[in-house]
Structure formats: structure tokens, C-alpha cells
Amino acid sequence: MSVQTSSCRTLEQTRLRHAVVDSPDPQSRVRSAPRPGKDPYPTRLAEPVDMPWLARHEAVVKGRAEDGPLSQAQLDEFERKGFLFEPGVVTGDELAELRRELTALLEHDDFRGRAFSITEPQGNEIRSLFAVHFLSRLFSRLANDDRLVGRARQILGGEAYVHQSRINYKPGFEGKGFSWHSDFETWHAEDGMPAMHAVSASLVLTDNHAFNGPLMLVPGSHRVFVPCLGETPEENHRQSLKRQEIGVPGRDALRELIDRHGIEAPTGAAGGLLLFDCNVLHGSNANMSPDPRSNAFFVYNRLDNRCVAPFGASRRRPRFLAHEPGEAWSPDVPS
């Protein structure tokens, strides 16, 4: 990845940046409130720091076994690995209904060509539909279902809201892979998420197996933060949602973390739930099989961790990518 050093920020500039994004929308001004203090997770830098990664400041699991549905053993596994897969969370008619809704959303002609509808890098196949809990009543109920919210609340140690939602679809033979990355790095740099108090819940809607591009994760990588090189381009989300090139960890850091911890790819039947920490490194291969891979994806951010001004970009990403607590969103209103 080439880096234009002259146009990129230094580490000290990153730490001291206090930008407020101007917007005619009063709610946007709230969403881009200034942030105090130094940035503990500087990224999008001109030059690498003198260490491959930085220590994580926040605890991983903030709640207790008695606070929710996850057992102490499950919480311990999440603490250790940064993720947890539970098979059979949704089954039977409920799963079938969600799969029918997925198909209907992907075939909705009004969604094609819209900003929240992301296609494959080469081709017209839909890769992701964002803000899905606003597009579908069924997925809205799922986003607020205590089977997901209760687990998120338990891990985060407090009340949470949906920072982002989407359905992902990786069609057979056509679905491309995605580079290694930490979601928190993007949410911190481009959305203004201050700290690592977020967890993702991915409900598997089609069987995941070794050949249809399952999610791969580096267990234990959530305990460190890997700063990334390269200034954030304007409108970076237009490219990064198809193929991420900025916000990708360097290969030396990746190699060392993978040498230490390995790679795991949780697989299983449709209806399983994958919970993973906002900072765990993950990516996926292309789908080399005829079987599609799809999931419903909800990011729960703790209420006291709502986003401020972005830490590594000139302005916040569009609203369909980063929601606020209690806000409404419509595909007919510009983000």
C-alpha cells in the first residue's frame, strides 16, 4: 500500500486533532461533537510508530455471568479469543422467515443503485444492505431481540444501541473476499467511536462451511490495537465497503499476531450466532463454492460510548453507516 507522506498526519498531529465537522443539520452537529484529551488509538498515520501495536485500554468483558444469558465459561472464551460462536440460536420457522426476508430485500428494485446498497467490486451482485433494521420490520425486531441485545449488554456491561446494521450476502462463485481489519479502527477513525465498548452480533442465515468464504478471525488480536498507515481519503466509504485499502494493518504486525495466535474460521449451520469484539482482526476469502453465504449483522455500542468527531477523517461517514441512539433513518432522506 503506497503512502503519500507529505499529505498524511504525523502521530502527534493525530493525537492533538480536535475537529468539529460543520453541517447544516443540527443533529449532525450533535453527532460530530468535539472530543477532549489525547487519542489513545492513533491511526491513519504518515509513518509507522516504533512498535507494531498499542496496548488496549478497555476491559473486554465488562459484565458478569449473572447479568445475562452467557455462562461464565462462554464469557471466559470471549475474553480469551475475542469471539464466541453459538449454534442454533434461531431455528425452524423463524429462521425460514428471516431467509425469505433476506431474499426479498436483495430483490427489492428500489434498493439497487442506492448509497446504502453495496455491490461486489466487479459486478452488480449486492454485497451488503446497510441500515437493514430501518429497511425491514422483521430485522428491526431481530436487532431488538433480547437474545442478541441481552448478550451484547452482558459483554459490554451496560445498555447499548445499534451503531450499525446490515445484511451481508456473498453469492456462490461471485462473492469476493475482504482484507484483514479491525472494525474498531474504522469506527474510531471515520465514525468517531471513542473506545472499545462495542460488540458485533452476526446471525448466520445460510450454512457456513470452509469453501464459501466464512469469516476468519485472529483469536487474541483484540487485546492490542494496530495503527494503520495512510490518510483517509474523502468519501472513503465508497471504496472501502467494496475493497478496503486504507485502515488495513501492516503485514509485519499481521504476521506476528497470526504466528502467535493462529487463525480460526467458525463454521456451522444456519441459525448460529457469532459474537465478536469490535477490535478483533478478521477478514474473509472469496466464495469458491456454489453455495451463497449470508448473515444479519448488528453492531451494539454502549450508550456512554456514542460517537464524537472522527479521529482520523475530515468528517463523519453517512448516517446509514453510523447511527445515533434513538435516531430514525429513512432511505428517502439523504444521509
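The values are calculated or read from the model by the stated rules, or taken from the named source; none is laboratory data. Since we're looking at a predicted model, the values are computed, not measured. Using ideal geometry, Cβ is built from the backbone for each residue, glycine included, and neighbour counts are taken over all protein chains shown.
Numbers for the structure displayed
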read-out: Only one of Gly150, Gly247, Gly158 that is within 25 Å of Asn301 (Cα to Cα), in contact (Cβ under 8 Å) with a residue 60 or more places away in the chain and in a helix (DSSP H, G or I); value: Gly150
read-out: Any chance Leu95 is surrounded by 21 or more Cβ atoms within 10 Å (Cβ to Cβ), part of a helix (DSSP H, G or I) and in contact (Cβ under 8 Å) with a residue 60 or more places away in the chain; value: no
read-out: Any hit, the range 132-143, residues being touching a strand residue (DSSP E or B) at 6+ places or on another chain (Cβ under 8 Å), surrounded by fewer than 24 Cβ atoms within 10 Å (Cβ to Cβ) and among the polar types (S, T, N, Q); value: no
read-out: One residue from Leu156, Leu229, Leu215, Leu148 being of a type in the set (A, V, I, L, M) and more than 17 Å from the chain's Cα centre (by Cα); value: Leu229
read-out: Glu101, sole failed condition from (1) touching a strand residue (DSSP E or B) at 6+ places or on another chain (Cβ under 7 Å); (2) surrounded by 20 or more Cβ atoms within 10 Å (Cβ to Cβ); (3) part of a helix (DSSP H, G or I); value: (1)
read-out: Subset of the range 184-194 that is touching a His at 6+ places or on another chain (Cβ under 8 Å) and not aromatic (Phe, Trp, Tyr) - its residue that is surrounded by the fewest Cβ atoms within 10 Å (Cβ to Cβ); value: Pro194
read-out: Any hit, the range 213-223, residues being out of contact with any Gly (no Cβ under 9 Å at 6 or more places or on another chain) and not in a loop (DSSP other than H, G, I, E, B); value: no
read-out: The listed residue being at pLDDT 90 or above, part of a helix (DSSP H, G or I) and either in contact with a strand residue (DSSP E or B) (Cβ under 7 Å, 6 or more places away or on another chain) or crowded, with 18+ Cβ neighbours inside 10 Å (or both), out of Leu84, Leu75, Leu70; value: Leu75
read-out: Members of the range 226-247 found to be at pLDDT 80 or above and on the phi > 0 side of the Ramachandran plot, listed by number; value: Gly230, Gly247
read-out: Members of the range 118-131 found to be surrounded by 14 or more Cβ atoms within 10 Å (Cβ to Cβ) and at pLDDT below 85, listed by number; value: Ile118, Thr119, Glu120, Glu125, Ile126, Arg127
read-out: Failed item, numbered, when Ile263 is tested on (1) within 18 Å of Pro219 (Cβ to Cβ); (2) surrounded by fewer than 18 Cβ atoms within 10 Å (Cβ to Cβ); (3) modelled with pLDDT under 95; value: (3)
read-out: Check on His197, buried (at least 20 other Cβ atoms within 10 Å of the Cβ) and either more than 17 Å from the chain's Cα centre (by Cα) or modelled with pLDDT of 95 or more (or both); value: yes
read-out: Residue list for the range 167-180, restricted to those being crowded, with 19+ Cβ neighbours inside 10 Å and closer than 22 Å to Cys228 by Cβ; value: Lys176, Phe178, Trp180
read-out: Spans of strands (runs of 3 or more DSSP E) in the range 253-335 with at least 3 residues within 30 Å of Glu97 (Cα to Cα) and of a type outside the set (Gly, Ala, Ser); value: 273-277, 293-302
read-out: Odd one out for Tyr41, checked against (1) at pLDDT below 95; (2) in contact with a Leu (Cβ under 7 Å, 6 or more places away or on another chain); value: (1)
